[in-house]
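The structure under discussion appears below in the form of structure tokens.
Rule-based calculations on the coordinates, nothing more; no lab input. Keep in mind the model is a prediction, meaning the values are calculated, not measured. Neighbour counts run over all protein chains shown; Cβ positions are idealised from the backbone, glycine included.
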Ligand code: NDP
Ligand code: 2IT
């Protein structure tokens, strides 16, 4: 089948799933030369099988809020591909969660997990539950009800969820407690657990740190480094916080951070003290980022959801790290980044750049890394957490960090090698898609038509 025929059949099979189709389109285009070289993959319909979830679980979650009123949400787990290892991927709690969003995330996860070199299949799950404005008690009640169903479909050798948007340490704790109670067993069924009850050191930091390690590898290719570089960061959650922290450690200057209401532009740059304020604001007090601008007297801009671009990406800088959510950089934003001299775009979020946006970046010679490569440090460290759980012992902070550095370098080099082999030198997107695809495709080929 040609590229267009595959796309057409995917569109027909998945109407009304724009996010999933976007993720699929990007990969299909990259993979065509691989299919040309390997007719067996086409005959075995490997790519089309990868685009179809092995199992899609949808369930009702009913719980009682603090007033005693009945609340109703939808829960999901999408077990996308288990060719190279147990299903692995995060849980997202956000009102925007739909099957399309989770299918795009689960599909990306197949490739990302393959790139880490750790045997993990791809999955994603979550709910349209909105943790914002809920009490700790309500979040706990919801997590217990959610796990009441999810527990039937996961275990530490079958499917190991973790965090994503709206699911951090607090939620993983409540989910783990509920699973343990239901199954009457203490196993590493979730990652991102607390230190002292099965969690790995550095897992909290891993996605953001890994992103900046990856960017440092990209810059080294051009005989440069992050030191003294001005960096735009979006988001103010787990990934953004630790990306900013590593930028500070390596001598760079992070000047922005955002939440769903607005962004701050702190021209002087984040310091560790300012970042600690942001962490407390977002993680403990669960406040809005405007408070940061009020405290440090810097620029605050409301996000206008009707605008055709986000002015955060129109600030002069050297590097840009989108770390909030999907489709936060569109074609116009990408043009603004180019115009302002940005040389590197490293994705911390999953699919933060639209396809048109990516095309602008690539056409202008920007070093661009797709999330499935540059944010893989989070799931890779989840893999390290699983290994430690199986061994029944823990590595030190230094040991886990050294492994993370090595994994990010390996992913970087793997992407570059695959891109070069297929005639697209320096194209990390093509390299990540091809290298991830080949690993999973070979496993599916070996395991027969199932
Ligand atoms: P968090 O929930 O910790 O933080 C999310 C941040 O993004 C918050 O600042 C949030 O603002 C903002 N945000 C979320 N949705 C929107 C939206 N629709 N519009 C504008 N801003 C939004 O999530 P994470 O930091 O964990 O995840 C961020 C991204 O990184 C996601 O794409 C996720 O899939 C990806 N990722 C996460 C990994 C992890 O280990 N956690 C691993 C790999 C990728 P507000 O506070 O207002 O909600
Ligand atoms: O998108 C991702 O890679 C994550 N949210 C982390 C998944 C994991 O299992 O650690």
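Hey, any idea what the orientation-averaged projected area of the convex hull of the stretch 309-450's Cα atoms comes to, in nm²? Walk me through the numbers before you get to the answer.
Working: hull surface 43.7 nm².
About 10.9 nm², averaged over all directions.
Would you work out the relative contact order for the chain, in percent, from Cα pairs under 8 angstrom that are 6 or more residues apart? It would help to have the intermediate numbers written out before the result.
Working: 916 pairs, mean separation 69.4, N = 450.
Rounded, it is 15 percent for the chain.
Answer rounded, prolate or oblate for the stretch 207-291, using the Cα gyration tensor with square roots of eigenvalues a ≥ b ≥ c: rounded when a/c is under 1.5, else prolate when a/b is larger than b/c, else oblate.
On the way: a/c = 2.21, a/b = 1.92, b/c = 1.15.
Verdict is prolate for the stretch 207-291.
Order of 30, 374, 234, 311 from fewest to most other C-beta atoms within 10 Å? All intermediate terms of the calculation are to be shown ahead of the outcome.
Details: 30 24, 374 30, 234 27, 311 14.
The order, fewest Cβ neighbours first, is 311, 30, 234, 374.
Run the Debye formula on the Cα coordinates of the chain, all scatterers equal and no solvent, and tell me log10 I(q)/I(0) at q = 0.06, 0.09 1/Å.
-0.23, -0.54
Among 112, 183, 193, what is the fewest-to-most ranking by other Cβ atoms within 10 Å? Don't skip to the answer; put the middle values down first.
Numbers: 112 28, 183 15, 193 21.
Sorted ascending by nearby Cβ count, the order is 183, 193, 112.
Would you mind estimating how fast the stretch 1-156 diffuses translationally, via Stokes-Einstein at 37 °C and 0.692 mPa s with the Kirkwood radius over Cα pairs, in µm²/s?
194 µm²/s
If we count other beta carbons within 10 Å of each Cβ, what is the order of 181, 372, fewest first?
Details: 181 12, 372 30.
Fewest to most other Cβ atoms nearby, the residues stand as 181, 372.
Rounded, prolate or oblate, given the Cα gyration tensor of the stretch 253-292, with a/c below 1.5 counting as rounded? Don't skip to the answer; put the middle values down first.
On the way: a/c = 2.61, a/b = 1.24, b/c = 2.10.
In terms of gyration-tensor shape, oblate.
Of the listed peptides 49-57, 12-20, 344-352, 257-265, what is their order by residue-averaged count of other C-beta atoms within 10 Å, with the highest listed first?
Details: 49-57: 18.1, 12-20: 14.7, 344-352: 26.8, 257-265: 21.0.
Ranking, from highest mean packing down: 344-352, 257-265, 49-57, 12-20.
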